[in-house]
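Student: The structure under discussion is supplied below as C-alpha coordinates; questions concerning it will follow.
The values are calculated or read from the model by the stated rules, or taken from the named source; none is laboratory data. Computed from a predicted structure; not experimentally measured. All Cβ positions, glycine included, derive from the backbone under ideal geometry; neighbour counts span all protein chains shown. We work out accessible area using only protein heavy atoms, side chains counted, and drop any ligands, DNA or RNA first. Shrake-Rupley method; radii C 1.70, N 1.55, O 1.52, S 1.80 Å.
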Amino acid sequence: MFIFTTIEEFHSQLKNETISCSEVVEKYLRTIKEKKQLNAFIEVYEKEALEKAAALDVQLKTGIAMKKLHGVVIAIKDVICYKDHKVTAASNILKGFTSLYTSTALQYLIDEDAIIIGNCNCDEFAMGSSNENSAYGKVLNGLNETKVPGGSSGGSAVAVQMDMCMLALGSDTGGSVRQPADFCGIVGLKPGYGTISRYGLIAYASSFDQIGIFGKNIEDVALFLNIMARSDVKDSTMNLHQPVIDYTKNAHRKYKIAFLNQAVNNSIIDPEIAQKINSLQNDLIKQGNVANSIDLDLLDFVVPAYYVLTTAEASSNLGRYDGIRYGNISNVQNSELNEFYLNNRTEGFGWEVKRRIMLGTFVLSAGYYDTYFFKAQQIRRLLINKVLAIFMDYDVIVMPVSPVTAFNIGRNEIDPIATYMADIFTVFANLTGIPGIAVPLFSHSNNMPFGVQIMANKEQEVLLLEVAEMLSSFYK
Ligand code: GLN
(Lines give C-alpha, C1' and ligand atoms only; values in the text may rest on other atoms or scores of the structure.)
Protein backbone atom coordinates (compact mmCIF):
# COMPACT_ATOMS: atom_id res chain seq x y z
CA MET A 1 0.00 0.00 0.00
CA PHE A 2 1.29 3.46 -0.93
CA ILE A 3 1.88 5.83 1.96
CA PHE A 4 3.07 9.31 1.10
CA THR A 5 5.94 10.69 3.15
CA THR A 6 7.94 13.12 1.00
CA ILE A 7 8.17 13.99 -2.70
CA GLU A 8 11.75 12.72 -2.75
CA GLU A 9 10.72 9.36 -1.32
CA PHE A 10 7.78 9.14 -3.75
CA HIS A 11 10.10 9.83 -6.67
CA SER A 12 12.50 7.12 -5.59
CA GLN A 13 9.57 4.68 -5.45
CA LEU A 14 8.64 5.67 -9.01
CA LYS A 15 12.22 5.12 -10.15
CA ASN A 16 12.35 1.71 -8.46
CA GLU A 17 9.04 0.90 -10.12
CA THR A 18 7.48 -0.12 -6.82
CA ILE A 19 4.63 2.29 -7.59
CA SER A 20 3.20 4.12 -10.60
CA CYS A 21 1.51 7.52 -10.91
CA SER A 22 -1.70 5.79 -11.99
CA GLU A 23 -1.79 3.62 -8.87
CA VAL A 24 -1.16 6.64 -6.69
CA VAL A 25 -3.95 8.69 -8.30
CA GLU A 26 -6.34 5.75 -7.99
CA LYS A 27 -5.50 5.50 -4.32
CA TYR A 28 -6.20 9.20 -3.75
CA LEU A 29 -9.47 9.00 -5.68
CA ARG A 30 -10.54 6.09 -3.49
CA THR A 31 -9.76 8.01 -0.32
CA ILE A 32 -11.67 11.06 -1.60
CA LYS A 33 -14.72 8.83 -2.10
CA GLU A 34 -14.33 7.13 1.28
CA LYS A 35 -14.06 10.50 3.03
CA LYS A 36 -16.81 12.22 1.09
CA GLN A 37 -18.66 13.17 4.27
CA LEU A 38 -15.83 15.56 5.15
CA ASN A 39 -16.89 17.67 2.14
CA ALA A 40 -13.31 18.77 1.38
CA PHE A 41 -13.75 18.94 -2.39
CA ILE A 42 -16.14 20.94 -4.54
CA GLU A 43 -15.12 19.12 -7.69
CA VAL A 44 -12.85 16.13 -8.35
CA TYR A 45 -11.09 15.93 -11.72
CA GLU A 46 -11.13 12.14 -11.78
CA LYS A 47 -10.83 11.51 -15.50
CA GLU A 48 -8.15 14.07 -16.26
CA ALA A 49 -6.06 13.16 -13.19
CA LEU A 50 -6.04 9.52 -14.32
CA GLU A 51 -5.16 10.51 -17.89
CA LYS A 52 -2.31 12.73 -16.77
CA ALA A 53 -1.00 9.97 -14.48
CA ALA A 54 -1.08 7.43 -17.30
CA ALA A 55 0.78 9.83 -19.60
CA LEU A 56 3.45 10.43 -16.96
CA ASP A 57 3.88 6.69 -16.45
CA VAL A 58 4.48 6.28 -20.19
CA GLN A 59 6.98 9.13 -20.16
CA LEU A 60 8.96 7.54 -17.37
CA LYS A 61 9.00 4.17 -19.13
CA THR A 62 10.31 5.75 -22.31
CA GLY A 63 13.19 7.28 -20.35
CA ILE A 64 12.10 10.92 -20.31
CA ALA A 65 13.62 12.56 -17.22
CA MET A 66 11.23 13.31 -14.38
CA LYS A 67 10.45 16.96 -13.72
CA LYS A 68 10.49 18.32 -10.16
CA LEU A 69 6.84 17.52 -9.47
CA HIS A 70 6.42 14.47 -11.68
CA GLY A 71 3.16 12.87 -10.56
CA VAL A 72 2.83 14.95 -7.38
CA VAL A 73 -0.89 14.98 -6.64
CA ILE A 74 -2.23 18.34 -5.53
CA ALA A 75 -5.54 19.99 -4.74
CA ILE A 76 -6.36 23.68 -5.09
CA LYS A 77 -8.58 25.98 -3.10
CA ASP A 78 -11.56 27.04 -5.16
CA VAL A 79 -10.37 30.64 -5.40
CA ILE A 80 -7.48 29.77 -7.71
CA CYS A 81 -8.24 29.96 -11.42
CA TYR A 82 -7.57 26.92 -13.57
CA LYS A 83 -8.42 27.41 -17.23
CA ASP A 84 -11.53 25.58 -18.45
CA HIS A 85 -12.40 24.46 -14.91
CA LYS A 86 -15.14 25.89 -12.75
CA VAL A 87 -14.13 28.37 -10.07
CA THR A 88 -16.79 29.35 -7.53
CA ALA A 89 -15.05 30.85 -4.46
CA ALA A 90 -17.63 28.65 -2.69
CA SER A 91 -20.25 31.26 -3.61
CA ASN A 92 -23.58 31.00 -5.39
CA ILE A 93 -22.78 34.19 -7.27
CA LEU A 94 -20.12 32.33 -9.29
CA LYS A 95 -22.12 29.15 -9.82
CA GLY A 96 -21.40 27.82 -13.28
CA PHE A 97 -18.52 30.22 -13.97
CA THR A 98 -15.52 28.73 -15.76
CA SER A 99 -11.98 30.12 -15.45
CA LEU A 100 -10.73 31.84 -18.57
CA TYR A 101 -7.07 31.42 -17.67
CA THR A 102 -4.80 29.60 -15.23
CA SER A 103 -3.24 31.39 -12.28
CA THR A 104 0.50 31.88 -12.62
CA ALA A 105 1.36 30.00 -9.41
CA LEU A 106 -0.65 26.98 -10.51
CA GLN A 107 0.82 27.13 -14.01
CA TYR A 108 4.33 26.89 -12.52
CA LEU A 109 3.27 23.66 -10.75
CA ILE A 110 1.64 22.26 -13.89
CA ASP A 111 4.82 23.03 -15.84
CA GLU A 112 6.66 20.71 -13.43
CA ASP A 113 4.14 17.90 -14.07
CA ALA A 114 2.03 18.12 -10.94
CA ILE A 115 -1.35 16.35 -11.19
CA ILE A 116 -4.36 18.39 -10.07
CA ILE A 117 -6.93 16.12 -8.50
CA GLY A 118 -9.63 18.66 -7.75
CA ASN A 119 -10.67 21.96 -6.24
CA CYS A 120 -11.36 22.32 -2.56
CA ASN A 121 -14.18 23.75 -0.53
CA CYS A 122 -13.53 26.92 1.47
CA ASP A 123 -15.31 29.81 3.15
CA GLU A 124 -17.14 31.95 0.62
CA PHE A 125 -14.67 34.38 -0.99
CA ALA A 126 -12.16 33.20 1.64
CA MET A 127 -14.03 35.03 4.38
CA GLY A 128 -14.08 32.99 7.55
CA SER A 129 -12.10 30.92 10.02
CA SER A 130 -14.12 27.72 10.21
CA ASN A 131 -15.18 26.73 6.70
CA GLU A 132 -18.81 27.01 7.74
CA ASN A 133 -19.50 29.91 5.34
CA SER A 134 -19.62 27.94 2.11
CA ALA A 135 -22.45 27.70 -0.39
CA TYR A 136 -21.29 24.09 -0.80
CA GLY A 137 -21.77 23.17 2.87
CA LYS A 138 -19.36 22.99 5.77
CA VAL A 139 -16.13 21.01 5.84
CA LEU A 140 -15.49 18.67 8.79
CA ASN A 141 -12.18 18.10 10.53
CA GLY A 142 -10.97 14.61 9.66
CA LEU A 143 -9.59 14.01 13.16
CA ASN A 144 -12.89 14.78 14.87
CA GLU A 145 -15.94 15.34 12.75
CA THR A 146 -17.70 17.46 15.37
CA LYS A 147 -14.94 20.05 14.99
CA VAL A 148 -14.23 22.61 12.29
CA PRO A 149 -11.11 22.22 10.13
CA GLY A 150 -10.39 25.95 10.37
CA GLY A 151 -10.75 28.35 7.50
CA SER A 152 -10.99 29.74 5.13
CA SER A 153 -8.92 27.11 3.27
CA GLY A 154 -10.46 24.26 5.31
CA GLY A 155 -11.02 21.91 2.37
CA SER A 156 -7.39 22.14 1.24
CA ALA A 157 -6.18 21.47 4.79
CA VAL A 158 -8.42 18.42 5.22
CA ALA A 159 -7.42 17.11 1.78
CA VAL A 160 -3.78 16.99 2.95
CA GLN A 161 -4.62 15.91 6.50
CA MET A 162 -6.64 12.88 5.37
CA ASP A 163 -4.38 11.82 2.48
CA MET A 164 -6.62 12.86 -0.39
CA CYS A 165 -3.62 14.48 -2.09
CA MET A 166 0.04 15.16 -1.30
CA LEU A 167 0.06 18.95 -1.04
CA ALA A 168 -2.54 21.63 -1.55
CA LEU A 169 -2.78 25.31 -2.31
CA GLY A 170 -4.77 27.76 -0.23
CA SER A 171 -4.91 31.51 0.13
CA ASP A 172 -4.07 33.49 3.24
CA THR A 173 -5.41 37.00 3.77
CA GLY A 174 -5.46 36.87 7.56
CA GLY A 175 -4.49 33.33 8.47
CA SER A 176 -6.48 31.13 6.13
CA VAL A 177 -3.56 28.79 5.48
CA ARG A 178 -1.84 28.85 8.87
CA GLN A 179 -4.93 28.46 11.06
CA PRO A 180 -6.49 25.47 9.23
CA ALA A 181 -3.04 23.87 9.08
CA ASP A 182 -2.86 24.25 12.86
CA PHE A 183 -6.37 22.85 13.40
CA CYS A 184 -5.58 19.88 11.14
CA GLY A 185 -2.04 19.11 12.35
CA ILE A 186 -0.14 19.83 9.11
CA VAL A 187 2.34 22.44 7.85
CA GLY A 188 0.93 25.68 6.39
CA LEU A 189 3.06 28.41 4.84
CA LYS A 190 2.03 31.94 3.99
CA PRO A 191 4.90 33.49 2.06
CA GLY A 192 5.62 37.20 2.42
CA TYR A 193 3.42 39.55 0.42
CA GLY A 194 4.66 39.65 -3.15
CA THR A 195 6.58 36.37 -3.05
CA ILE A 196 4.08 34.38 -5.14
CA SER A 197 2.11 35.90 -7.99
CA ARG A 198 -1.52 36.68 -7.18
CA TYR A 199 -2.50 36.62 -10.85
CA GLY A 200 -5.48 34.29 -11.11
CA LEU A 201 -6.26 34.30 -7.38
CA ILE A 202 -9.77 35.61 -6.75
CA ALA A 203 -9.27 38.78 -4.73
CA TYR A 204 -10.59 39.22 -1.21
CA ALA A 205 -8.33 42.03 0.11
CA SER A 206 -5.63 42.65 -2.44
CA SER A 207 -3.01 44.22 -0.17
CA PHE A 208 -3.23 41.21 2.17
CA ASP A 209 -3.88 38.18 -0.09
CA GLN A 210 -1.19 35.63 -0.73
CA ILE A 211 -1.27 32.08 -2.08
CA GLY A 212 -0.04 29.60 0.53
CA ILE A 213 1.01 25.96 0.69
CA PHE A 214 -0.22 23.03 2.79
CA GLY A 215 2.02 20.00 3.19
CA LYS A 216 2.99 17.20 5.50
CA ASN A 217 6.59 18.30 5.87
CA ILE A 218 8.73 21.40 5.48
CA GLU A 219 10.97 19.98 2.77
CA ASP A 220 8.08 19.59 0.31
CA VAL A 221 6.64 22.99 1.15
CA ALA A 222 10.07 24.54 0.47
CA LEU A 223 10.23 22.79 -2.90
CA PHE A 224 6.81 24.17 -3.84
CA LEU A 225 7.95 27.62 -2.82
CA ASN A 226 11.02 27.28 -5.04
CA ILE A 227 8.77 26.54 -7.97
CA MET A 228 6.09 29.15 -7.33
CA ALA A 229 8.13 32.08 -5.99
CA ARG A 230 9.10 33.34 -9.40
CA SER A 231 8.44 36.70 -10.87
CA ASP A 232 5.40 37.38 -13.01
CA VAL A 233 4.84 40.48 -15.09
CA LYS A 234 1.12 40.04 -14.53
CA ASP A 235 1.41 40.90 -10.82
CA SER A 236 2.93 44.33 -10.30
CA THR A 237 3.02 43.92 -6.52
CA MET A 238 5.58 41.11 -6.63
CA ASN A 239 9.08 41.25 -5.21
CA LEU A 240 11.58 40.49 -7.89
CA HIS A 241 13.92 37.75 -6.78
CA GLN A 242 17.25 38.25 -8.48
CA PRO A 243 18.94 35.85 -8.28
CA VAL A 244 16.29 33.21 -7.62
CA ILE A 245 16.51 31.98 -4.03
CA ASP A 246 16.78 28.29 -3.14
CA TYR A 247 14.33 27.74 -0.28
CA THR A 248 15.28 24.09 0.14
CA LYS A 249 18.80 24.76 1.35
CA ASN A 250 18.98 24.18 5.04
CA ALA A 251 21.76 25.56 7.18
CA HIS A 252 21.57 25.29 10.93
CA ARG A 253 22.91 27.67 13.48
CA LYS A 254 21.79 29.22 16.73
CA TYR A 255 18.98 31.73 16.33
CA LYS A 256 17.74 34.87 18.01
CA ILE A 257 14.07 34.34 18.66
CA ALA A 258 11.48 36.78 19.97
CA PHE A 259 8.47 35.51 21.92
CA LEU A 260 5.63 37.97 22.41
CA ASN A 261 4.62 38.58 26.02
CA GLN A 262 1.13 39.67 24.99
CA ALA A 263 0.63 36.47 23.03
CA VAL A 264 1.13 34.03 25.89
CA ASN A 265 -0.11 36.23 28.74
CA ASN A 266 -3.47 36.74 27.15
CA SER A 267 -6.84 35.92 28.64
CA ILE A 268 -8.14 34.45 25.35
CA ILE A 269 -5.40 31.83 25.02
CA ASP A 270 -5.98 28.22 26.03
CA PRO A 271 -3.71 27.59 29.07
CA GLU A 272 -2.28 24.39 27.56
CA ILE A 273 -1.21 26.26 24.43
CA ALA A 274 0.40 29.01 26.54
CA GLN A 275 2.21 26.44 28.65
CA LYS A 276 3.67 24.65 25.61
CA ILE A 277 4.86 27.92 24.10
CA ASN A 278 6.57 28.77 27.37
CA SER A 279 8.29 25.40 27.56
CA LEU A 280 9.35 25.73 23.92
CA GLN A 281 11.00 29.02 24.81
CA ASN A 282 12.91 27.33 27.65
CA ASP A 283 13.95 24.41 25.43
CA LEU A 284 15.29 26.80 22.80
CA ILE A 285 17.37 28.60 25.42
CA LYS A 286 18.74 25.27 26.69
CA GLN A 287 19.82 24.45 23.13
CA GLY A 288 21.91 27.62 23.02
CA ASN A 289 19.56 29.95 21.14
CA VAL A 290 18.61 33.40 22.33
CA ALA A 291 14.88 33.30 23.09
CA ASN A 292 13.64 36.49 24.74
CA SER A 293 10.19 37.72 25.62
CA ILE A 294 9.37 41.07 24.09
CA ASP A 295 6.39 43.41 24.18
CA LEU A 296 4.00 44.21 21.37
CA ASP A 297 1.56 46.57 22.97
CA LEU A 298 -0.24 47.09 19.67
CA LEU A 299 -1.55 43.52 19.63
CA ASP A 300 -5.04 44.55 20.78
CA PHE A 301 -5.42 46.70 17.68
CA VAL A 302 -4.52 44.13 15.05
CA VAL A 303 -7.93 42.47 14.73
CA PRO A 304 -9.92 45.73 14.43
CA ALA A 305 -7.38 47.17 11.97
CA TYR A 306 -7.47 43.97 9.93
CA TYR A 307 -11.28 43.86 9.71
CA VAL A 308 -11.57 47.55 8.81
CA LEU A 309 -8.96 47.38 6.04
CA THR A 310 -9.90 44.01 4.57
CA THR A 311 -13.62 44.71 4.47
CA ALA A 312 -12.89 48.06 2.80
CA GLU A 313 -10.82 46.31 0.12
CA ALA A 314 -13.39 43.52 -0.19
CA SER A 315 -16.26 45.95 -0.72
CA SER A 316 -14.37 47.33 -3.69
CA ASN A 317 -13.12 43.96 -5.03
CA LEU A 318 -16.54 42.33 -4.86
CA GLY A 319 -18.21 45.19 -6.71
CA ARG A 320 -17.58 43.32 -9.94
CA TYR A 321 -20.04 40.54 -9.03
CA ASP A 322 -23.25 42.09 -10.24
CA GLY A 323 -24.74 39.20 -12.19
CA ILE A 324 -23.83 40.73 -15.56
CA ARG A 325 -20.19 39.87 -16.00
CA TYR A 326 -20.04 36.75 -13.86
CA GLY A 327 -22.15 33.83 -12.86
CA ASN A 328 -25.53 33.84 -11.28
CA ILE A 329 -28.46 35.78 -12.72
CA SER A 330 -31.59 35.99 -10.61
CA ASN A 331 -34.88 34.83 -12.10
CA VAL A 332 -36.79 37.55 -10.30
CA GLN A 333 -38.32 40.04 -12.75
CA ASN A 334 -36.67 43.47 -12.54
CA SER A 335 -38.02 46.76 -13.65
CA GLU A 336 -34.78 48.71 -13.41
CA LEU A 337 -31.00 48.21 -13.18
CA ASN A 338 -30.49 48.77 -9.45
CA GLU A 339 -33.16 46.25 -8.68
CA PHE A 340 -31.44 43.81 -11.05
CA TYR A 341 -28.12 44.17 -9.16
CA LEU A 342 -29.89 43.95 -5.85
CA ASN A 343 -31.63 40.70 -6.68
CA ASN A 344 -28.48 39.09 -8.07
CA ARG A 345 -26.41 40.04 -5.05
CA THR A 346 -29.13 39.18 -2.56
CA GLU A 347 -29.40 35.69 -4.01
CA GLY A 348 -25.75 35.24 -4.87
CA PHE A 349 -23.91 36.26 -1.70
CA GLY A 350 -24.04 34.52 1.67
CA TRP A 351 -24.49 36.30 5.00
CA GLU A 352 -20.83 36.70 5.94
CA VAL A 353 -19.94 38.18 2.57
CA LYS A 354 -22.87 40.60 2.78
CA ARG A 355 -21.83 41.62 6.29
CA ARG A 356 -18.31 42.40 5.11
CA ILE A 357 -19.38 44.32 2.01
CA MET A 358 -21.62 46.48 4.19
CA LEU A 359 -18.95 46.99 6.83
CA GLY A 360 -16.37 47.87 4.17
CA THR A 361 -18.71 50.31 2.46
CA PHE A 362 -19.42 51.93 5.82
CA VAL A 363 -15.75 52.42 6.82
CA LEU A 364 -15.03 53.98 3.43
CA SER A 365 -18.03 56.30 3.44
CA ALA A 366 -17.45 60.06 3.58
CA GLY A 367 -18.30 60.63 7.22
CA TYR A 368 -16.42 57.64 8.60
CA TYR A 369 -13.34 57.32 6.41
CA ASP A 370 -11.05 59.22 8.79
CA THR A 371 -12.42 57.59 11.92
CA TYR A 372 -12.05 54.03 10.69
CA PHE A 373 -10.19 53.47 7.44
CA PHE A 374 -7.53 56.13 7.94
CA LYS A 375 -6.98 55.13 11.58
CA ALA A 376 -6.59 51.49 10.62
CA GLN A 377 -4.00 52.46 8.01
CA GLN A 378 -2.09 54.35 10.69
CA ILE A 379 -2.10 51.24 12.88
CA ARG A 380 -0.82 49.20 9.94
CA ARG A 381 2.07 51.66 9.54
CA LEU A 382 2.91 51.49 13.26
CA LEU A 383 2.91 47.68 13.12
CA ILE A 384 5.25 47.67 10.12
CA ASN A 385 7.63 50.03 11.96
CA LYS A 386 7.48 47.82 15.03
CA VAL A 387 8.22 44.70 13.02
CA LEU A 388 11.21 46.34 11.35
CA ALA A 389 12.55 47.25 14.79
CA ILE A 390 12.06 43.69 16.10
CA PHE A 391 13.92 42.20 13.14
CA MET A 392 16.89 44.49 13.78
CA ASP A 393 17.48 42.40 16.92
CA TYR A 394 15.90 39.01 16.16
CA ASP A 395 15.83 36.43 13.36
CA VAL A 396 12.27 35.29 13.91
CA ILE A 397 9.19 35.84 16.04
CA VAL A 398 7.38 32.85 17.55
CA MET A 399 3.80 32.85 18.81
CA PRO A 400 0.77 30.57 18.79
CA VAL A 401 -1.13 30.18 15.52
CA SER A 402 -4.48 30.36 17.22
CA PRO A 403 -5.50 30.92 20.85
CA VAL A 404 -7.57 27.72 20.70
CA THR A 405 -7.52 24.30 19.03
CA ALA A 406 -10.18 23.35 16.44
CA PHE A 407 -13.51 24.42 17.92
CA ASN A 408 -16.94 22.81 17.68
CA ILE A 409 -19.03 23.20 14.57
CA GLY A 410 -21.70 25.83 15.23
CA ARG A 411 -19.74 28.07 17.62
CA ASN A 412 -19.19 30.59 14.86
CA GLU A 413 -22.93 31.18 14.48
CA ILE A 414 -23.39 31.73 18.20
CA ASP A 415 -20.46 34.10 18.60
CA PRO A 416 -18.99 35.52 15.37
CA ILE A 417 -17.00 38.15 17.30
CA ALA A 418 -15.15 35.39 19.18
CA THR A 419 -14.27 33.91 15.80
CA TYR A 420 -12.95 37.25 14.55
CA MET A 421 -10.94 37.73 17.76
CA ALA A 422 -9.34 34.30 17.33
CA ASP A 423 -7.51 35.68 14.27
CA ILE A 424 -5.35 37.74 16.63
CA PHE A 425 -2.09 35.89 16.00
CA THR A 426 -2.36 35.37 12.26
CA VAL A 427 -3.55 38.72 10.87
CA PHE A 428 -0.35 40.34 12.13
CA ALA A 429 1.75 38.80 9.32
CA ASN A 430 -0.70 39.97 6.63
CA LEU A 431 -0.93 43.49 8.02
CA THR A 432 2.85 43.74 7.89
CA GLY A 433 3.41 41.65 4.73
CA ILE A 434 5.87 39.26 6.39
CA PRO A 435 5.98 35.47 5.86
CA GLY A 436 4.60 33.10 8.49
CA ILE A 437 4.45 29.36 8.87
CA ALA A 438 2.37 27.05 11.08
CA VAL A 439 4.29 24.00 12.25
CA PRO A 440 2.42 21.17 14.00
CA LEU A 441 4.25 20.18 17.18
CA PHE A 442 1.89 19.24 19.99
CA SER A 443 -1.24 17.37 20.91
CA HIS A 444 -3.78 18.91 23.28
CA SER A 445 -5.45 16.90 26.06
CA ASN A 446 -8.65 17.27 23.98
CA ASN A 447 -6.80 15.15 21.36
CA MET A 448 -6.63 17.93 18.78
CA PRO A 449 -3.27 19.01 17.33
CA PHE A 450 -1.68 22.42 17.60
CA GLY A 451 1.69 23.94 16.92
CA VAL A 452 3.46 27.24 16.70
CA GLN A 453 3.71 30.02 14.22
CA ILE A 454 7.06 31.37 13.14
CA MET A 455 7.41 34.71 11.37
CA ALA A 456 10.46 36.20 9.70
CA ASN A 457 11.21 39.49 8.01
CA LYS A 458 10.14 40.12 4.42
CA GLU A 459 12.07 38.05 1.88
CA GLN A 460 13.44 35.87 4.69
CA GLU A 461 11.54 32.70 3.88
CA VAL A 462 14.79 30.70 3.86
CA LEU A 463 15.41 31.61 7.48
CA LEU A 464 11.76 30.94 8.29
CA LEU A 465 11.93 27.44 6.84
CA GLU A 466 15.22 26.71 8.60
CA VAL A 467 13.77 27.55 12.00
CA ALA A 468 10.61 25.61 11.16
CA GLU A 469 12.72 22.57 10.30
CA MET A 470 14.69 22.93 13.52
CA LEU A 471 11.55 23.10 15.65
CA SER A 472 9.88 20.17 14.00
CA SER A 473 12.96 17.96 14.34
CA PHE A 474 13.09 19.07 18.00
CA TYR A 475 9.80 17.35 18.85
CA LYS A 476 10.03 14.34 16.56
N1 GLN B 1 -10.27 34.47 9.23
C2 GLN B 1 -9.86 35.59 8.45
C3 GLN B 1 -11.04 36.28 7.83
O4 GLN B 1 -12.12 35.78 7.96
C5 GLN B 1 -8.85 35.16 7.44
C6 GLN B 1 -9.35 34.89 6.09
C7 GLN B 1 -8.29 34.58 5.08
O8 GLN B 1 -7.11 34.53 5.39
N9 GLN B 1 -8.70 34.42 3.83
O10 GLN B 1 -10.91 37.31 7.25
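Student: For segment 290-306, list residues with backbone N below 14 Å from a point placed 7 Å from the Cα of ALA389 toward its Cβ?
Tutor: 294-299
Student: For segment 30-147, give me the percentage of DSSP beta bridges that are antiparallel, rounded to the nearest 5 percent.
Tutor: Beta bridges within segment 30-147, antiparallel portion: roughly 50 percent.
Student: Starting from the amide H of SER293, placed 1.01 Å from N in the peptide plane, find each other amide H under 5 Å away whose residue is 5 or more places distant or on another chain.
Tutor: Hits under the 5 Å cutoff: PHE259.
Student: Also, quick follow-up: Dipole of the chain (Lys/Arg Cβ +1, Asp/Glu Cβ -1, origin at the Cα centre): which of ALA389, ALA114, SER176 lies farthest to the positive side?
Tutor: Final value for the positive-end residue is ALA389.
Student: In straight Cα distance, which aspartates and glutamates are under 13 Å from LYS77, not counting same-chain residues fewer than 8 positions off?
Tutor: GLU43, ASP123, GLU124, ASP172
Student: Let me ask something else. Leaving ligands, DNA and RNA out of it, work out the accessible area of MET164 with a 1.4 Å probe and give it in Å² to the nearest 10.
Tutor: Answer for MET164: close to 0 Å² accessible.
Student: When the chain is fully extended, how far beyond the present Cα-Cα distance does ILE268 get from LYS354, taking 0.36 nm per residue of separation?
Tutor: Taking ILE268 through LYS354 to full extension adds about 28.2 nm, to one decimal.
Student: While we're here: For segment 435-467 and segment 117-138, write down the distance between their C-alpha centroids in whole Å.
Tutor: A separation of 23 Å, based on Cα centres.
Student: Here is a follow-up. Tell me the carbon and sulfur percent of the accessible area for segment 199-307, rounded to whole percent, probe radius 1.4 Å.
Tutor: So the carbon and sulfur contribution to the accessible surface is 52 percent.
Student: Further question on the same structure: Roughly what % of DSSP beta bridges within the chain run antiparallel, to the nearest 5?
Tutor: Looking only at bridges with both residues in the chain, the antiparallel portion is about 65 percent.
Student: Residues with amide H under 5 Å of CYS120's amide H, sequence separation 5 or more or different chain, H placed in the peptide plane at 1.01 Å from N; which?
Tutor: Here ILE42, ILE76, LYS77, ASP78 satisfy the definition.
Student: Could you tell me what percent of the accessible area of segment 325-476 is made up of carbon and sulfur, with a 1.4 Å probe and every protein chain present?
Tutor: Exposed carbon and sulfur together represent 57 percent of the surface.
Student: To continue, here is another question. Amide H neighbours of LYS86 under 5 Å, counting only residues 5+ apart in sequence or on other chains, H built in-plane at 1.01 Å?
Tutor: The answer is SER99.
Student: Something else about it: Which value at 222 nm does the chain reach when only helices count, each DSSP H run of 4 or more adding -39,500 (n - 2.57), with the total divided by all residues and rounded to the nearest 500 deg cm²/dmol?
Tutor: Theoretical 222 nm ellipticity from helices: -12000 deg cm²/dmol.
Student: For segment 72-85, in order, what is each residue's ³J(HN,Hα) by Karplus, 6.51 cos²θ - 1.76 cosθ + 1.60 with θ = phi - 60°, in whole Hz (x at glycine and Pro)?
Tutor: 6, 8, 10, 10, 10, 5, 7, 10, 10, 6, 9, 3, 6, 10
Student: If a paramagnetic tag sat 7 Å from the Cα of LYS256 along the Cα-Cβ line, which residues of segment 445-476 would have the backbone N under 19 Å from that point?
Tutor: 454-468
Student: Here's something else I'd like to know. Enter the accessible area of THR88 (Å², nearest 10), with the probe set to 1.4 Å and all protein chains included.
Tutor: The accessible area of THR88 comes to roughly 10 Å².
Student: Can you list the HN-Hα couplings for segment 382-388, worked out from phi with the Karplus curve (6.51, -1.76, 1.60; θ = phi - 60°), rounded to whole Hz and with x for Gly and Pro?
Tutor: Here the 3J(HN,Hα) series is 4, 5, 4, 4, 5, 5, 4 Hz.
Student: On to the next question. I need to check one value: relative contact order of segment 3-106, counting alpha carbon pairs closer than 8 Å and at least 6 residues apart, in percent.
Tutor: Relative contact order comes out at 19 percent.
Student: Report relative contact order for the chain in percent, whole number only (criteria: Cα-Cα under 8 Å, sequence separation at least 6).
Tutor: 17
Student: Same structure, new question: Enter the accessible area per residue of the chain (Å², integer; probe 1.4 Å; all protein chains in place).
Tutor: 39
Student: Placing unit charges on C-beta atoms (Lys and Arg positive, Asp and Glu negative, everything else neutral), compute the dipole magnitude of the chain about its Cα centre in debye, rounded to 20.
Tutor: Result for the chain is approximately 200 debye, rounded to the nearest 20.
Student: Can you compute 3J(HN,Hα) from phi for each residue in segment 261-271, using the Karplus curve 6.51 cos²θ - 1.76 cosθ + 1.60 with θ = phi - 60°, rounded to whole Hz and x for Gly and Pro?
Tutor: 3, 5, 7, 8, 8, 9, 5, 8, 8, 4, x
Student: Roughly speaking, to the nearest percent, how much of segment 42-99's 1.4 Å accessible area is carbon and sulfur?
Tutor: 56
Student: Return the tail of the calculated pair distribution for the chain, meaning the percent of Cα-Cα pairs more than 40 Å apart.
Tutor: When all Cα pairs of the chain are counted, 16 percent exceed 40 Å.
Student: Taking a 32 Å limit on the Cα-Cα distance, which of the listed pairs LYS249/LYS276; LYS36/LYS83; LYS286/LYS375 fall beyond it?
Tutor: Distance filter (> 32 Å) returns LYS286/LYS375.
Student: Return the aspartates and glutamates within reach of LYS256: Cα separation strictly under 17 angstrom, same-chain partners fewer than 8 residues apart disregarded; answer none if there are no such residues.
Tutor: ASP283, ASP295, ASP393, ASP395, GLU461, GLU466, GLU469
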